[in-house]
Amino acid sequence: MRRSGGIGLVPRGLTALSKNKTPGKRKRLKRLTPQRLPAQPPKAAPVSKAPGDPTPGHSRPRRPATPNEIERILATRKRVMTAFVSRVADAPLDQISGALQRTSDSLSADDRLQLGWLRENYPHRKTFIGEHARIWREYRRDFALYGGDRPFLSREAFEAADQNLAMLRIPEMLATVGIDIEALPRVGQRRMKALQAAYSDEERLRLEDQLLKDVWFVSDILPVSPPPRPRDWPEIDVGAFGEDVSNLLEVGADFRPMKEGPGSASASPPRPGTIGSLVSMATDERMLRGWPADAAAWAPYHAMTLLGVLGEHATAPLLLRAIDVVGKDDWISDHLVGVCLALMGPPVEPLLWDLALDRRRDTEQRGLALEALTRIAGDHADRRDDIAGRMAEVMSKAPYLDRGRKTVNAYAAWLLHNEPFGDARARAAIQEADAAGRLDHTIHNPSDNDAL
């Protein structure tokens with residue numbers, strides 16, 4: 001168990017438990033004020049409280065945790081999470097709620113509080129598609145808060161190291177649900193065994209520490225340690241933005257002030273010029289490529305979120321520029337397309353269809369456009385049939401010049417199989433597309449529909 005750097009305190013077996021996150025029900029974003037966000041009210045006087053005790057709103061402890069307290073908290077959470085995972089893994093889909101309740105009933109009062117904290121703070125994904133951008137953003141966020149003196153990894157370097165670590169963790173994950181590694185295909189076994197031979201325990205711990213894996217698990221007891229900006233990394237000039245949006249420059253990577261901030265987007269109309277300032281902020285190249293620990297580097301994320309909850313659909317074509325700016329270091333597309341544009345509703349449907357069928361775009365971004373359309377269908381019942389029909393029409397074609405179309409079709413098939421669609425017409429369209437060889441089975445195989 002490693003003590004240096006803070007993150008190394010997480011036991012190795014514990015970090016394996018949060019892989020393979022399944023998509024959950026959509027949570028609506030809290031609507032934020034379109035005007036200058038009010039300053040946070042003064043906090044109440046600190047109360048003496050033991051570190052690690054679950055508190056509402058994911059608040060931090062009042063005093064630093066001692067090493068012994070950290071060990072105790074981690075041991076408790078590991079035991080609780082292991083019980084939670086093992087119960088749920090064996091339960092059929094229609095019995096998961098009962099399995100969760102039985103898990104809770106079997107725990108002590110203190111353990112139930114810890115389970116509540118784990119469930120409240122688990123980093124649930126907001127989109128099914130776009131995992132690469134989301135994981136990269138989570139690393140940037142964790143690095144901004146806890147990076148300390150660690151080196152910052154490019155997306156390419158991060159993904160290569162993350163893939164190796166995922167393979168190293170698989171045996172532990174399988175053991176959690178009672179599966180032996182020997183049950184896997186031989187190719188997978190060989191690769192995992194080769195990696196395990198290549199990495200000593202110390203090297204693996206170093207890799208986990210470098211990647212800041214699963215810091216959410218101890219985020220309430222870890223001290224914030226922002227990494228200093230390197231000399232060759234330019235500082236962001238924020239002087240061009242006025243008072244109407246200046247608070248967004250200060251939120252940074254710690255999203256809780258946005259979550260807890262008061263106000264409603266429908267409370268009053270935006271001030272003149274605010275929308276233009278938000279668009280400029282959301283697409284600002286200096287910020288989108290800024291040093292992750294600089295608060296202003298996260299302003300584009302918060303600006304596009306605000307435009308989404310405001311329903312400013314006229315800004316949608318302009319916001320897509322943010323994806324082009326970040327390029328191969330994309331950390332924003334899943335949130336921009338799958339969440340923010342979806343919140344803008346039916347007026348952005350034409351733009352989303354154009355994005356889904358644009359063969360020049362990345363296939364994940366095209367799939368995110370389909371997922372945004374699915375969310376619109378879920379929020380607007382009068383648009384459901386039209387969107388389902390158009391999605392079935394998309395699957396009916398696989399142009400020769402569109403190399404990513406089979407992948408896009410497979411995203412459409414997965415989305416059509418689930419809510420708010422999933423009717424007989426959708427199933428027939430999926431079967432027809434599959435029979436014609438138009439689906440990428442590495443994304444979705446219709447024969448798995450019953451299991452899903």
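The values are calculated or read from the model by the stated rules, or taken from the named source; none is laboratory data. Given the structure is predicted, the values throughout are model-derived calculations rather than measurements. All Cβ positions, even for glycine, are placed from backbone atoms using ideal geometry, and neighbour counts span all protein chains on display. Note: accessible area is taken over every heavy atom of the protein model, side chains too, but ligands, DNA and RNA are not part of it. Shrake-Rupley method; radii C 1.70, N 1.55, O 1.52, S 1.80 Å.
Remarks
- Unit Cα scatterers, Debye sum, region 303-413: log10 I(q)/I(0) for q = 0.19, 0.23 Å⁻¹: -0.94, -1.30
- Bridgeable aspartates and glutamates around residue 126 (alpha carbons under 13 Å apart, same-chain partners fewer than 8 residues away excluded): 138, 334, 371.
- Diffusion coefficient, µm² s⁻¹, Stokes-Einstein with Kirkwood Rh over alpha-carbon pairs of region 372-452 at 4 °C and 1.567 mPa s: 103
- Normalised by 2.2 N^0.38 Å, where N is the number of residues, the alpha-carbon radius of gyration of region 277-316 equals 1.14.
- Most to least packed among 231-241, 394-404, 325-335 [average Cβ atoms within 10 Å]: 325-335, 394-404, 231-241
- Taking the 1.4 Å solvent-accessible surface of region 301-381 as the whole, the part contributed by carbon and sulfur is 50%.
- Fraction of C-alpha pairs exceeding 13 angstrom in region 207-256: 75 percent, rounded to a whole number.
- Furthest towards positive pole of dipole, 339, 307, 327, structure part region 269-356, Cβ charges: 307
- Region 97-155: equivalent-ellipsoid semi-axes (sqrt of 5 x gyration tensor eigenvalues, Cα, Å): 32, 17, 7
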